[in-house]
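First comes the structure, then the notes that go with it.
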Amino acid sequence: MSSPARTKSDREVSEFLLRACHDLRASARAVLTNAELLLRDAGTPGSSSFEQRLGFIVEGAGRIDLLLDGLAGYAVALQMEAASFQATRMDVLLRLVLTKLDKDLRDCGAEVAYSELPIVRGNPDRLMQLFESLLRNALVHRGQAAPRIHISAGKQAEGWLFGVQDNGPGVEREFLESIFTPFERLHGNERAGAGLGLAICRAIVERHEGRIWAESEPENGATFWFTLPANDGA
């Protein structure tokens, strides 16, 4: 007989796969439909829909590519062994992420400030992915003003508490938990991509035996909090 924990895990995986299939199928059908119409119109003299159909195909293919990238990132976040954990300087990881995102930050006039960050015990690649996903989330869900993001860390009895605070439009209280659900996109935000960024963050943090949550008030920005284990002896 399956344990309740195993049953819950199987149900979550099943729901995740069903949502992934739904999104991929919708994009694939859009590509197929417009390709068929384009093929039909190719034999019609003076057809004016060629560029429009081609645009729909390119958009649909791009959507599929984005979803596959998101699924790959989520799968990688789930495949993490404790043997890969090591003493990791979070300030170094953050600077690497900021360098990677430099163009995106400059394009929207974003400013990122951070206080002194500690050494933790974890997987450096996945913790970089965590920072990148949280920063991208702040850029995607920005308001009218240029993004202002602050990253902080404080020592706790069993590890470190990190905060990533932004000045965006915020999140309504009833959505503070569901935003971590795979493929969740608030208010149909077109910049939200595959809707896997925060799900990836939760997977990474939980595999470091930490937890992640959000606090926010509409129009007053949001803060994403997460805990990570301290480096032994640090």
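The values are calculated or read from the model by the stated rules, or taken from the named source; none is laboratory data. Bear in mind the structure is a predicted one, so any value in this text is a computation, not a measurement. In case anyone asks, the SASA skips ligands and DNA or RNA and just uses the protein heavy atoms, side chains included. Shrake-Rupley method; radii C 1.70, N 1.55, O 1.52, S 1.80 Å.
Would you work out what percent of the accessible area of the range 97-171, with all protein chains in place, is carbon or sulfur (probe 1.4 Å)?
Roughly 46 percent of what the probe reaches on the range 97-171 is carbon or sulfur.
Report, as a whole number in µm² per second, the diffusion coefficient that Stokes-Einstein gives for the range 55-125 at 20 °C and 1.002 mPa s using the Kirkwood radius over alpha carbon pairs. Could the numbers behind the result be given before it?
Values: Rh = 15.2 Å.
It comes out at roughly 141 µm²/s.
Using a probe radius of 1.4 Å on heavy atoms only, what accessible surface per residue do you get for the range 61-178? Whole Å² is fine. Kindly include the intermediate steps, with their values, before the conclusion.
Numbers: 6250 Å² over 118 residues.
Heavy-atom SASA per residue in the range 61-178 reads 53 Å².
Kirkwood analysis of the range 55-211, using all unique Cα-Cα pairs, places the hydrodynamic radius at 16.6 Å.
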